[in-house]
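Novice: Below you'll find the structure I mean.
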Amino acid sequence: MPIAIAIATASAPADLRGVDAWINQTLAPVSDAVAAVVFHTVPLAGQPFPLIVGWLIVLALVCTVALGLPQWRGVRHALDLLRGRYADPKETGEVSHFQALSAALSGTVGLGNIAGVAVAVTIGGPGATLWMVVAGLLGMASKFAECTLGVRFRQHHDDGSVSGGPMYYLSDGLAHVGWPRLGRWLAVVFSVCCIGGALGGGNMFQANQAFHQVVNVTGGAASPLVGWGWLFGVVMAVAVGLAIIGGIRTIVRVTEKLVPLMAVLYLGAGLLILALHAAELGPALLRIWHGAFTGEGVAGGAVGALIQGFRRAAFSNEAGIGSASIAHSAVRTGEPFSEGHVALLEPFIDTVVICTVTALVIGVTGVAQPGLTGVELTSAAFAAGLPWFPEVLAVCVLLFAFSTMIAWSYYGLKAWTYLVGQGRRQELAFKLFFCASVVVGSSMQLGPVIDFSDAMVFLMAVPNVIGLYLLMPMLRRDLARYRRRLASGEIRALW
């Protein structure tokens with residue numbers, strides 16, 4: 001995301017040469033132009049406010065109200081679904097509710113939760129944490145809506161696989177409500193942007209940051225790995241290739257183990273630090289509450305804290321972007337709203353839990369100081385409580401990068417096959433190109449490439465949100481019917 005990219009590229013050498021320099025010089029004007037449009041800001045209380053963030057937050061508010069507070073009314077049902085109480089192995093689909101959630105989480109949980117939160121707290125003060133939580137809670141409704149539609153309009157193929165996501169509910173869903181031409185156009189725009197985002201932000205950026213983190217913990221400039229980024233990329237590419245070669249079923253076998261492991265490593269360390277600093281937890285929470293409404297000492301005051309909190313939440317959980325609905329569409333279910341309920345847990349885990357733990361660790365350890373921001377601040381905060389954590393953080397970054405890559409490979413693949421058609425050759429061509437991009441990302445400084453792909457990710461929100469608004473009346477009617485069937489016992493738990 002933009003904040004994470006700023007952190008990443010800040011340490012890039014200024015004297016790029018050869019192919020690196022040619023790529024940067026060629027793409028920089030295009031990248032800058034696209035990013036200027038997508039991340040256009042307006043002044044709000046003296047602070048730049050990205051309109052794309054407002055676009056996503058307004059959608060979350062609309063979904064919250066129009067769909068009757070699904071993030072509050074549906075949590076218990078979501079947990080029952082996740083536990084398998086309504087699972088029917090005879091239903092069509094490829095993965096379980098838990099596997100679909102783990103695959104989607106692997107695409108959103110990453111550097112934004114580690115570095116981006118630190119940036120938000122540095123710029124917006126402790127109060128940004130509260131607004132980050134509020135935005136995360138609102139985003140649960142957006143995920144509920146888009147993932148329900150992903151299942152509702154998915155397509156089943158002869159080999160038993162399925163394809164779903166915004167491409168299909170924009171084209172088929174809008175045709176269903178009388179907007180066929182608009183739907184096809186929006187679906188194509190979304191697909192092109194999704195491919196760009198998958199190859200850049202979901203691939204090359206992740207590989208690049210994983211390599212730099214490994215270099216940092218193995219000696220920095222004196223590391224024996226310096227100059228061997230291409231070899232690191234080859235190893236990562238082979239690992240990614242093995243994970244994605246079998247499609248979503250192979251991917252979820254990896255993510256259903258990887259996501260809990262990442263949670264144990266990162267959240268376990270964070271909760272341990274909070275326990276060790278229990279005396280500072282109360283004052284830290286008070287600073288968050290006070291800062292959210294006063295913004296004392298923060299540029300823009302309370303509004304500045306709100307902007308940074310909302311911005312971090314939007315860039316972290318991607319609610320409203322539409323990407324996660326591609327993974328959720330593969331679930332085994334005959335009830336689209338069942339997966340919508342499971343999906344609403346995603347922003348809660350990603351933003352409300354993981355991002356909040358990061359912010360609290362920074363708060364209780366008191367390491368915030370000028371010159372420290374991003375992953376350096378987070379690493380210093382964790383190291384203050386657990387001196388051995390920087391090495392663990394390197395493992396977490398590596399796992400986060402790997403899980404993000406395999407999730408986005410699936411997103412990009414489904415967008416690609418929507419445009420060029422289904423087939424083994426089409427799928428193999430994309431997977432090979434995706435793996436080759438891992439090597440490129442690890443071995444080169446590709447600032448403008450990553451900036452461009454990052455803009456593509458958020459440009460996905462434009463057609464997606466338009467489609468969600470147009471499909472909202474149908475979604476409301478179907479949800480009311482689902483809730484009546486659930487209340488009457490027509491939809492029964494298996495145990």
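Novice: For His40, what accessible area in Å² do you get when you roll a 1.4 Å probe over the heavy atoms of the protein chains, rounding to the nearest 10?
Specialist: Ignoring ligands and nucleic acids, His40 comes out at about 90 Å².
Novice: Separate question: Compute the orientation-averaged projected area for segment 409-453 from the convex hull of its Cα atoms and round it to one decimal in nm².
Specialist: Over every viewing direction, the Cα hull of segment 409-453 projects on average to 3.4 nm².
Novice: Further, regarding this structure: Can you tell me what the convex hull of the Cα atoms of segment 112-189 projects to on average, as an area in nm²? If you can, show how the numbers build up before the last one.
Specialist: Values: hull surface 31.1 nm².
Average projection, Cα convex hull of segment 112-189: 7.8 nm².
Novice: Another one. So what is the 222 nm mean residue ellipticity for the chain from helices alone, if each DSSP H run of at least 4 adds -39500 (n - 2.57) and you divide by all residues, rounding to the nearest 500 deg cm²/dmol?
Specialist: -23000 deg cm²/dmol
Novice: While we're looking at this one, here's another question. In terms of modelled amide H atoms, which long-range or inter-chain residues lie less than 5 Å from the amide H of Glu94?
Specialist: Here Val331, Arg332 satisfy the definition.
Novice: Pop out the carbon and sulfur fraction of the accessible area of segment 335-401 as a percent, whole number, probe 1.4 Å.
Specialist: Carbon and sulfur: 71 percent of the exposed surface of segment 335-401.
Novice: Where the centroid of each part is defined by its Cα atoms, how far is segment 189-252 from segment 433-483 in Å?
Specialist: Centre-to-centre (Cα) distance: 19 Å.
Novice: If you average the alpha carbon positions of segment 67-116 and of segment 129-182, how far apart do those two centres end up, in angstrom?
Specialist: 14 Å
Novice: Mind checking the full-extension length gain between Leu267 and Ile491? Use 0.36 nm per residue of separation minus the Cα-Cα distance, one decimal, nm.
Specialist: Stretched out fully, the Leu267 to Ile491 stretch lengthens by 77.1 nm.
Novice: Same structure again: Using modelled amide H (1.01 Å from N, peptide plane; none on Pro or chain starts), what sits under 5 Å from the amide H of Phe49, excluding residues fewer than 5 places away?
Specialist: Val42, Leu44
Novice: Rg (Å, one decimal) plus Dmax (Å, integer) for the alpha carbons of the chain?
Specialist: For the chain, the Cα radius of gyration and maximum Cα-Cα distance read 21.6, 68 Å.
Novice: I'm a student and want to see the number: the projected area of the Cα convex hull of segment 250-357, averaged over all directions, in nm². It would help to have the intermediate numbers written out before the result.
Specialist: Working: hull surface 35.5 nm².
So the mean shadow area of the Cα hull is 8.9 nm².
Novice: Using a 1.4 Å probe, what is the accessible area per residue for the chain, in Å²?
Specialist: 39 Å²
Novice: Could I ask something else about it? Could you work out the relative contact order of segment 222-328, using alpha carbon pairs under 8 angstrom and six or more residues apart, expressed as a whole percent?
Specialist: Computed value for segment 222-328: 11 percent relative contact order.
Novice: Compute the convex hull volume of the Cα atoms of segment 38-85, divide it by the residue count, and report the result per residue in Å³ as a whole number.
Specialist: Given the Cα convex hull of segment 38-85, per-residue volume reads 114 Å³.
Novice: Using the C-alpha gyration tensor of segment 68-133, what are the square roots of 5 times its eigenvalues, in whole angstrom, with the largest one first?
Specialist: 33, 17, 7
Novice: In whole Å, what three semi-axes, largest first, describe the equivalent ellipsoid of segment 294-359 built from its Cα gyration tensor (square root of 5 times each eigenvalue)?
Specialist: In descending order the semi-axes read 32, 11, 9 Å.
Novice: How far apart, in nm, are two points set 7 Å out from the Cα along the Cα-to-Cβ line at Leu51 and at Tyr469?
Specialist: For the pair Leu51/Tyr469, the computed spacing is 1.3 nm.
Novice: Let me check I have the definition right: for segment 337-495, take the eigenvalues of the Cα gyration tensor, multiply each by 5, take square roots. What are those semi-axes in whole Å, largest first?
Specialist: Output for segment 337-495: semi-axes of 36, 28, 16 Å.
Novice: Still on this structure, please answer the following. Once Rh for segment 134-290 is found with the Kirkwood sum over Cα pairs, what is the Stokes-Einstein diffusion coefficient at 20 °C and 1.002 mPa s, in µm²/s?
Specialist: Estimated diffusion coefficient is 106 µm²/s.
Novice: Considering the Cα positions of segment 65-177, please state its Rg to one decimal place and its Dmax as a whole number of Å.
Specialist: 17.3, 54
The values are calculated or read from the model by the stated rules, or taken from the named source; none is laboratory data. What you see is a predicted model, and the numbers here were worked out from it, not measured in a lab. Using ideal geometry, Cβ is built from the backbone for each residue, glycine included, and neighbour counts are taken over all protein chains shown. Quick note on the areas: whole protein, heavy atoms, side chains included, nothing else; ligands and nucleic acids left out. Shrake-Rupley method; radii C 1.70, N 1.55, O 1.52, S 1.80 Å.
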